[in-house]
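Quick notes on the structure that follows.
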Amino acid sequence: MNFIEEIIEKDLTEKKNDCRVHTRFPPEPNGYLHIGHAKSICLNFSLAEKYNGKCNLRFDDTNPVKEDVEYVDSIKEDITWLGFSWAAEYYASDYFEQLYQWAEQLIGEGLAYVDDQTQEEISQGRGVPTKPGIESPYRNRSIEENLDLFRRMRAGEFPDGSRVLRAKIGMSSPNMHMRDPIMYRILHADHHRTGNRWCIYPMYDYAHGQCDSIEGITHSICTLEFEIHRPLYDWFCEALHIHHPQQIEFARLNLSYTIMSKRKLMQLVKEKQVMGWDDPRMPTISGLRRRGFTPKSIRTFAETVGIAKRDNIIDVNLLEFCAREDLNKVALRTMAVLDPVKLIIDNYPTDQMEQMQATNNPEDPEAGTRQVPFSRELWIERADFREVADKKFYRLTVGGEVRLKYAYIITCTGVVKNEAGEITEIHAQYFPETRSGLSESNRKVKATIHWVSAAHTQTAEIRLFDRLFTVPEPDNDEEGKSFLDYINPDSLIVKNGYLEESLNLKTAAPYYQFERIGYFCIDKDATETHLVFNKTVSLKQ
């Protein structure tokens with residue numbers, strides 16, 4: 001049990017909130033969700049599920065300049081893909097009129113005022129935490145003047161940045177967020193839902209708690225950076241005498257070799273350092289989905305990381321481990337050769353072809369078997385052969401023996417090279433009595449390698465992804481470097497490989513294991529005539 005569950009269970013014991021548990025996930029639709037948001041999604045929805053409660057999806061759409069329907073749609077797709085369903089879908093914009101009326105209420109009670117200062121003047125007036133700030137020269141306007149100006153702000157009489165509405169709290173708190181915070185600013189911009197009906201928009205700190213209150217949220221769960229905002233969250237609820245949810249903070253997710261800043265992820269997209277928000281190297285949920293991570297692997301990762309009160313950096317290897325654990329159970333096996341060299345079995349009949357029986361998934365008996373064509377000429381991995389090798393190399397060498405997976409034991413008899421000295425063909429002999437599955441096949445070898453029949457294969461583009469950054473903490477601006485300075489030039493390597501001919505776009509499975517290589521999935525760029533596979537993770541760390 002984590003500390004948030006302890007709080008909830010104490011509340012239930014004390015019969016708070018009529019024994020209800022109502023959470024919410026409140027993203028701003030100004031970008032795509034990433035793995036850090038996935039942790040918050042799993043937490044909020046799972047808590048509601050565990051305590052027979054509800055979890056709302058509410059879009060914090062209070063900044064029309066940065067928000068877009070594209071992001072709204074992507075967020076809903078990501079949550080659904082992770083396996084969660086929201087009790088209700090809301091938008092902060094649903095409450096714009098109520099928020100406005102509450103703002104007038106605060107003005108009427110002398111708890112808010114219109115300030116004509118510039119943003120720079122307001123920032124300077126706030127000062128520093130160790131000394132009281134300077135009150136605005138407009139702080140003591142009359143209630144009537146403030147109401148008149150605020151209504152004219154709403155009517156669109158003033159240009160952007162000319163006036164703001166501030167809460168009248170005080171200028172001496174060491175918490176800078178409590179020094180007469182801004183509640184509304186003027187923005188003449190079209191909103192993705194309300195169009196141009198509004199030209200003043202509430203700030204997050206003003207809108208968030210009230211939106212929680214309207215929806216009857218009981219536990220407003222957010223990340224640690226909002227801990228310092230909690231006194232303001234409480235102040236607004238108390239000043240308005242409305243339902244007061246409990247804000248609880250937990251440590252955000254930081255992942256090694258990864259950038260979590262939405263602003264910096266946006267920069268990567270805009271500067272075309274990546275293929276888009278769903279680039280498989282991105283930590284976005286859409287990027288992880290495109291790369292081949294399963295919903296279960298991400299939920300397991302979030303559960304394994306747990307809920308903490310202190311920020312720390314989680315090793316990305318843990319995320320990859322969770323992917324391997326799930327993919328091992330669900331991925332169909334197939335054979336693929338990514339760096340091919342021709343293997344010719346000289347004593348195998350030229351015109352013969354056999355169907356070898358291969359297991360689709362040894363972890364899932366119901367996955368069944370498949371037939372894999374075997375012939376005289378095969379493709380094998382170049383790394384599985386060495387002309388001269390030491391005793392630690394157990395794969396194919398001249399005079400050495402290996403088993404061809406699902407097929408026969410062979411021994412290498414020699415090689416053919418081109419003028420540059422590169423091996424173009426490997427020649428071998430096979431032993432017919434060693435076919436896999438035959439009871440009399442008891443001959444032992446130290447290694448088994450994979451292959452595909454040269455006459456029964458197809459080509460595919462294979463995208464091998466690595467970490468996008470070369471250092472564990474690319475966001476650490478030491479030595480004046482930018483996170484862009486740590487981009488890994490080898491984060492994407494493209495190969496043209498050979499696959500079993502049975503693979504096709506129409507009957508493709510969601511996840512594959514290329515035997516002895518790693519886990520892969522078909523990319524959205526694939527067509528019936530041009531297959532494209534993305535590498536998810538290797539077989540081992």
Which of [x] 27.3, 85; [y] 29.9, 112; [z] 30.8, 101 gives Rg and Dmax of the Cα atoms in Å as computed here? It is [z]
Under 19 Å by backbone N from the virtual spin label 7 Å along Cα-to-Cβ at V65, the residues of the stretch 118-146 are 118-124
If each part is reduced to its alpha-carbon centroid, the stretch 312-355 and the stretch 357-409 end up apart, in Å, by 10
Filtering trypsin sites (Lys or Arg not before Pro) in the stretch 449-533 by DSSP loop and by at most 13 other Cβ atoms within 10 Å leaves K481, K506, K524
Rounded to the nearest 10 Å², the 1.4 Å probe accessible area of F393 is 20
Quick calc: nm separation of the 7 Å Cα→Cβ label points for D346 and E135 -> 10.1
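Applying 1/(1 + (r/R0)^6) with R0 = 22 Å to the Cβ-Cβ distance of R263 and E473, what FRET efficiency is obtained, to the nearest 0.05? Mind showing how you got there, number by number?
Working: r = 17 Å, r/R0 = 0.78.
The formula returns an efficiency of 0.80 here.
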If R0 = 60 Å, then Q119 and A455, at their Cβ-Cβ distance, give a FRET efficiency to the nearest 0.05 of 0.25
Two pseudo-spin positions, 7 Å from Cα along C-beta at S173 and at V445, lie apart in nanometres by 7.4
Here FRET efficiency (C-beta to C-beta, T194 to E501, R₀ 56 Å, nearest 0.05) is 0.55
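Mind ordering 357-370, 158-171 by average Cβ neighbours within 10 Å, highest first? Spell out each step's value before the answer.
Details: 357-370: 13.4, 158-171: 17.9.
Result, highest mean Cβ count within 10 Å first: 158-171, 357-370.
Quote the relative contact order of the stretch 227-334 in percent (integer), defining contacts as alpha-carbon pairs under 8 Å separated by 6+ residues.
Details: 91 pairs, mean separation 28.6, N = 108.
Here the relative contact order equals 26 percent.
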For the stretch 497-537 the mean separation of alpha carbon contacts under 8 Å (6+ apart) over residue count, i.e. relative contact order in percent, is 33
Computed over the chain, the relative contact order (Cα-Cα under 8 Å, seq sep at least six) in percent reads 12
Quick calc: nm separation of the 7 Å Cα→Cβ label points for E104 and D148 -> 1.7
With every protein chain kept in place and a 1.4 Å probe, the chain has an accessible area per residue in Å² of 46
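Give, in nm to one decimal, the length gained when the segment between D160 and S482 is fully stretched (0.36 nm per residue of separation minus the Cα-Cα distance). Present the calculation step by step, with values, prior to reporting the outcome.
Numbers: separation 322, 0.36 × 322 = 115.92 nm, distance 3.21 nm.
The span from D160 to S482 would gain 112.7 nm if fully extended.
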For 140-148, 299-307, ranked highest to lowest by mean beta-carbon neighbours within 10 Å, the order is 299-307, 140-148
Excluding ligands, DNA and RNA, the carbon-plus-sulfur percentage of the accessible area of the chain with a 1.4 Å probe reads 47
In the stretch 82-130, the GluC sites (Glu not before Pro) that sit in a DSSP loop and have at most 13 other Cβ atoms within 10 Å of their own Cβ are E109
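The values are calculated or read from the model by the stated rules, or taken from the named source; none is laboratory data. All values reported here derive from a predicted model rather than from experimental measurement. Neighbour counts are summed over all protein chains in view; Cβ atoms, including those assigned to glycine, are modelled from backbone coordinates with ideal geometry. SASA here: full protein model, heavy atoms, side chains in, ligands and nucleic acids out. Shrake-Rupley method; radii C 1.70, N 1.55, O 1.52, S 1.80 Å.
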